[in-house]
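In what follows, a structure is listed as structure tokens, so that the remarks can point back to it.
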Number of protein chains: 2
Amino acid sequence: MNVFLLTAHPEPRSLNGSLSRFIVDHLESQGHQVQVSDLYAMQWKASLDRDDFQPADALDADGHFNPSTASGHALQRGTQPDDIAAEQAKLLWADAVIVLFPLWWYSMPAVMKGWFDRVYAYGFAYGVGEHSDHRWGERFGEGTLAGKRAMLVVTTGGWASHYGPRGINGPIDDLLFPIHHGMLYYPGMSVLPPYVVHRTSKVDDARYALIQAELGQRLNALWHTEPIAYRAQNGGDYEIPALTLRDDVVPDLTGFAAHVTPATSGTVTGT
Amino acid sequence: MNVFLLTAHPEPRSLNGSLSRFIVDHLESQGHQVQVSDLYAMQWKASLDRDDFQPADALDADGHFNPSTASGHALQRGTQPDDIAAEQAKLLWADAVIVLFPLWWYSMPAVMKGWFDRVYAYGFAYGVGEHSDHRWGERFGEGTLAGKRAMLVVTTGGWASHYGPRGINGPIDDLLFPIHHGMLYYPGMSVLPPYVVHRTSKVDDARYALIQAELGQRLNALWHTEPIAYRAQNGGDYEIPALTLRDDVVPDLTGFAAHVTPATSGTVTGT
């Protein structure tokens with residue numbers, strides 16, 4: 001199978017660097033093909049701006065730079081920058097996508113956010129399919145990347161308890177929901193439960209061996225792990241175009257948890 | 001009073017550009033002092049990396065680049081890059097901080113994330129105060145920026161219903177929690193309810209006039225609006241060092257909502 005590994009850490013001799021090499025070696029040793037985008041090593045351009053586009057594509061009918069319009073034009077006309085097109089090709093090539101990063105300020109490092117801002121073009125990751133009063137595009141379970149699997153591998157300095165159900169940072173699954181649901185499931189990927197390493201300053205050799213064993217098992221199970229059971233936008237659970245859950249769907253629930261079907265919602269927390 | 005406005009949109013002739021000018025004009029017309037960091041106009045460096053540091057500060061005892069160690073050294077030794085030091089000075093100068101951005105992939109644009117990654121140095125925004133088994137620093141209600149107020153102004157392409165309690169994107173207040181609680185409250189700021197503009201492609205003159213009126217009222221109320229009642233880390237509600245809510249504190253609640261005191265938790269949703 002084809003696996004695309006997206007990583008972002010400024011120090012190769014870090015835990016993230018070690019995990020990146022471990023993931024590649026482990027998957028290749030099992031005969032999988034792996035492509036890696038190491039965003040710091042690539043000096044990835046983080047900011048989506050007008051420089052990403054040729055003058056003829058950059059401006060909308062009013063002469064303003066609108067990122068959606070510009071990225072849609074460039075995709076359609078084949079005038080995207082090479083770096084963006086190359087990353088889209090890796091996504092299309094992949095059967096599974098692994099996204100590895102240190103949690104900085106409760107989200108991904110800026111350079112990785114900029115990868116999503118720039119690579120997720122209009123017509124590629126959003127603005128796909130019919131948009132009308134009856135249909136709001138192909139997204140959240142459908143879309144360009146449907147059929148692929150995705151998994152986050154995340155490291156945090158804080159303790160597991162700090163990210164627990166009643167931990168001060170908020171539950172890790174809720175902190176990751178905007179990435180899981182909003183960035184991976186949105187263009188169609190099936191999202192596996194994340195693998196999270198907490199308390200990174202206390203990783204000695206014994207603990208690193210344990211992490212390798214656990215993560216190795218997760219990689220071995222990449223093709224048969226049950227994905228988080230997010231509800232498909234066009235599967236009948238949502239009113240369109242309001243895009244709210246129908247009144248008869250988990251009527252007592254609000255918030256992120258309501259978008260996971262109850263049968264499995266109890267199993268997505270924690271790793 | 002002194003107000004610091006942080007913004008990030010690549011097109012000055014956008015709704016975000018108009019709102020930025022409106023905020024400055026409105027506050028200045030009332031006699032306040034305003035400083036603006038327009039990150040796209042400044043061509044802000046988004047990625048925190050080794051280039052931010054002088055060689056003597058960049059590496060830890062093992063010869064590795066560790067962002068926490070490096071930023072702490074640079075802050076302590078006065079060797080930070082000028083751009084980072086200037087932004088820290090604006091935060092210290094401000095009585096209130098307004099953060100204006102378009103919601104891209106359920107979070108802030110990469111360049112703004114990079115502002116937090118780089119400006120929020122160790123010893124400035126985190127790693128402040130005693131860290132031991134009995135005390136986990138001065139954060140979440142205490143810290144370098146205590147006593148200041150902060151408010152997000154956020155624009156989204158989607159409808160308000162999409163971001164409602166049962167909307168497909170997740171509730172806007174939960175999507176913003178990692179920013180509100182994790183980036184603004186963390187170093188001590190009091191966080192006001194956000195002002196959110198939905199469905200940005202449908203802002204005509206009449207609706208823009210309404211937005212100006214609403215936002216103007218929010219700016220007039222900047223000094224007496226009730227902040228979101230997040231629980232202080234060192235206020236007695238949390239076990240230390242586990243940093244979980246004590247068993248007798250809202251015992252039935254988990255998730256983000258548990259970190260707001262119940263008396264006001266009903267009022268923080270929606271604007």
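Overview of results
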| read-out | value |
| --- | --- |
| Test result for B:Gly255, surrounded by 20 or more Cβ atoms within 10 Å (Cβ to Cβ), touching a helix residue (DSSP H, G or I) at 6+ places or on another chain (Cβ under 8 Å) and of a type in the set (Gly, Ala, Ser) | no |
| Residue that is farthest from A:His181 (Cα to Cα), among those in the stretch A:211-244 that are aromatic (Phe, Trp, Tyr) and surrounded by 16 or more Cβ atoms within 10 Å (Cβ to Cβ) | A:Tyr238 |
| Every residue from the stretch B:1-22 that is part of a loop (DSSP other than H, G, I, E, B) and within 14 Å of chain A (Cβ to nearest Cβ) | B:Ala8, B:His9, B:Pro10, B:Glu11, B:Pro12, B:Arg13, B:Ser14 |
| Failed item in (1) assigned to a loop (DSSP other than H, G, I, E, B); (2) within 24 Å of A:Leu19 (Cα to Cα), with A:Gly129 passing the rest | (2) |
| Boolean, B:Tyr208 is crowded, with 22+ Cβ neighbours inside 10 Å, over 15 Å from the mean Cα position of the chain (by Cα) and of a type outside the set (S, T, N, Q) | no |
| Test: residue in the stretch B:55-67 that is hydrophobic (A, V, I, L, M, F, W, C) and under 30 Å from B:Gly170 (Cα atoms) | no |
| Elements of type helices (runs of 4 or more DSSP H) in the stretch B:38-116, at least 1 residues being free of Cβ contacts under 8 Å to residues at least 40 places away in the same chain and β-branched (Val, Ile, Thr) | B:82-93 |
| Residues of the stretch A:211-239 classified as farther than 16 Å from A:Arg21 by Cα and among the aliphatic types (A, V, I, L, M), total | 5 |
| Failed item in (1) out of contact with any Phe, Trp or Tyr (no Cβ under 9 Å at 6 or more places or on another chain); (2) within 12 Å of another protein chain (Cβ to nearest Cβ); (3) within 27 Å of A:Asp117 (Cα to Cα), with A:Ser201 passing the rest | (3) |
| Subset tally (residues that are among the hydroxyl-bearing types (Ser, Thr, Tyr) and in a strand (DSSP E or B)) for the stretch A:27-37 | 1 |
| Any hit, the stretch A:80-88, residues being more than 28 Å from B:Lys45 (Cβ to Cβ), touching a strand residue (DSSP E or B) at 6+ places or on another chain (Cβ under 7 Å) and more than 11 Å from every other protein chain (Cβ to nearest Cβ) | no |
| A:His198 vs. criteria at pLDDT 95 or above and in contact with a Lys or Arg (Cβ under 6 Å, 6 or more places away or on another chain) | no |
| Test set (1) out of contact with any Phe, Trp or Tyr (no Cβ under 9 Å at 6 or more places or on another chain); (2) among the aliphatic types (A, V, I, L, M); (3) at the interface with another protein chain (Cβ under 9 Å from one of its Cβ atoms) - B:Ala221 fails condition number | (3) |
| Condition met for A:Ala160 (under 19 Å from the mean Cα position of the chain (by Cα), of a type in the set (Gly, Ala, Ser) and either under 20 Å from A:Leu219 (Cα atoms) or surrounded by fewer than 23 Cβ atoms within 10 Å (Cβ to Cβ) (or both)) | no |
| Single match in B:Leu145, B:Leu175 (criterion: part of a helix (DSSP H, G or I) and at pLDDT 95 or above) | B:Leu175 |
| Residue match in the stretch A:118-126 (condition: within 11 Å of another protein chain (Cβ to nearest Cβ) and among the β-branched types (Val, Ile, Thr)) | yes |
| B:Ala86 being over 14 Å from the mean Cα position of the chain (by Cα), buried (at least 22 other Cβ atoms within 10 Å of the Cβ) and modelled with pLDDT of 95 or more | no |
| Hits in the stretch A:23-53 - residues which are surrounded by 15 or more Cβ atoms within 10 Å (Cβ to Cβ), away from chain B (no Cβ under 14 Å) and more than 20 Å from A:Lys90 (Cα to Cα) | none |
| All positions within the stretch A:177-200 that are farther than 25 Å from B:Ile240 by Cβ and of a type in the set (A, V, I, L, M) | A:Ile179, A:Met183, A:Leu184, A:Met189, A:Val191, A:Leu192 |
| The stretch B:163-172, subset touching a strand residue (DSSP E or B) at 6+ places or on another chain (Cβ under 7 Å) and in a loop (DSSP other than H, G, I, E, B), residue farthest from the other protein chains (Cβ to nearest Cβ) | B:Gly164 |
| Answer from A:Leu222, A:Leu215 - the residue that is touching a Leu at 6+ places or on another chain (Cβ under 9 Å), part of a helix (DSSP H, G or I), touching a residue at least 24 places away in the same chain (Cβ under 8 Å) and among the hydrophobic types (A, V, I, L, M, F, W, C) | A:Leu215 |
| Single match in A:Asp117, A:Asp60 (criterion: on the phi < 0 side of the Ramachandran plot and over 18 Å from the mean Cα position of the chain (by Cα)) | A:Asp60 |
| Scan of the stretch A:130-146 for residues that are in contact with a strand residue (DSSP E or B) (Cβ under 8 Å, 6 or more places away or on another chain) and surrounded by fewer than 20 Cβ atoms within 10 Å (Cβ to Cβ), ordered by number | A:Gly137, A:Gly141 |
| A:Asp49 touching a Lys or Arg at 6+ places or on another chain (Cβ under 7 Å) and modelled with pLDDT of 95 or more | no |
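The values are calculated or read from the model by the stated rules, or taken from the named source; none is laboratory data. Note that the structure is predicted; figures quoted are calculated from it, not measured. Ideal geometry is used to build each Cβ from the backbone, glycine not excepted, and the neighbour counts take in all protein chains shown.
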